[in-house]
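Below is one structure, written out as structure tokens; comments come after it.
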Amino acid sequence: MKKITLLFTAFVALMFNLNTFAQVDVTTSICTKYIKTPYISDGQQYKALLNGDEIAEFHSTFYGGTTYRVVAATGQKEGNLIFSLYDKERNLLFTNRDYQNSTYWDFKFTSTVDCIIEAELDANSQSKSGFAIMLIGFKQ
């Protein structure tokens, strides 16, 4: 009986992991289609598992004079994730909430800025949980 329980538990864990990887892959493919020439990825994937009204927080430094693109998504379609960019004093610089939850935003700072990027599920979407994936690219 213990072997059957152990095998069942292992099977359930494997299926959960495969489903998780599939969701991450789909969401990542949504994001990567926006990081193409003339943009180059910074080489990182920012990921967080969000449940309900949780908020993920990412930190990044943006250098003056460089044009950037932030791309963020969750789930299998665009528009389910709200992301907001703040300076280190928590002054709001941008939120895609004001632009129908746009998947990406292009911007350029005149000087170097340390930023906090928050990501949360849109309460109006049907998603109650999911992986938030964010990519940052810079223009060549």
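The values are calculated or read from the model by the stated rules, or taken from the named source; none is laboratory data. What you are looking at is a predicted structure, and each value in this text was computed from that prediction instead of being measured. Positions of Cβ are backbone-derived with ideal geometry, glycine not excepted, and every protein chain shown enters the neighbour counts.
Tell me, please, whether a residue that is more than 16 Å from Cys31 (Cα to Cα) and in a loop (DSSP other than H, G, I, E, B) can be found in segment 75-85.
Taking segment 75-85 first, the residues more than 16 Å from Cys31 (Cα to Cα) are 84-85.
With the extra rule that they be in a loop (DSSP other than H, G, I, E, B), the set shrinks to none.
Taking every residue of segment 75-85 in turn, none turns out to be more than 16 Å from Cys31 (Cα to Cα) and in a loop (DSSP other than H, G, I, E, B).
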Item checked: Residue pairs meeting the criteria (Cβ under 6 Å; at least 6 apart or on separate chains; first surrounded by 13 or more Cβ atoms within 10 Å (Cβ to Cβ), in segment 91-110; second part of a loop (DSSP other than H, G, I, E, B)) -> Asn96/Ser102; Asn101/Gly79; Asn101/Asp122; Thr103/Glu78; Tyr104/Tyr34; Phe109/Gly64
Next item on the list: Determine whether segment 47-59 contains at least one residue that is within 22 Å of Lys139 (Cβ to Cβ), modelled with pLDDT of 95 or more and not aromatic (Phe, Trp, Tyr).
Entry: yes
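Based on this model, can you work out whether Ile40 counts as outside any strand (DSSP E or B) and of a type in the set (Val, Ile, Thr)?
no
How about segment 91-140: which strands (runs of 3 or more DSSP E) wholly inside it have at least 1 residues that are among the hydroxyl-bearing types (Ser, Thr, Tyr) and at negative phi?
Working: elements: 92-95, 104-108, 113-121, 129-139.
In segment 91-140, 92-95, 104-108, 129-139 are the strands (runs of 3 or more DSSP E) which contain 1 or more residues that are among the hydroxyl-bearing types (Ser, Thr, Tyr) and at negative phi.
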Check: Does Ser84 meet the test of being under 17 Å from Ile35 (Cβ atoms), polar (S, T, N, Q) and free of Cβ contacts under 8 Å to residues at least 40 places away in the same chain?
Finding: no
Next item on the list: Tell me which residues, restricted to segment 44-58, are exposed (fewer than 13 other Cβ atoms within 10 Å of the Cβ) and under 17 Å from Val24 (Cβ atoms).
Entry: Gln44, Asn51
Check: Residue check: is Thr37 among the polar types (S, T, N, Q), modelled with pLDDT of 55 or more and surrounded by fewer than 11 Cβ atoms within 10 Å (Cβ to Cβ)?
Finding: yes
Next item on the list: May I ask you to verify whether Ser29 is of a type in the set (Ser, Thr, Tyr), at pLDDT 90 or above and either under 14 Å from the mean Cα position of the chain (by Cα) or within 24 Å of Ile116 (Cα to Cα) (or both)?
Entry: no
Notebook entry, point to check: Which one is surrounded by the fewest Cβ atoms within 10 Å (Cβ to Cβ), of the residues in segment 64-81 that are touching a residue at least 60 places away in the same chain (Cβ under 8 Å) and within 13 Å of the chain's Cα centre (by Cα)?
Noted result: Arg69
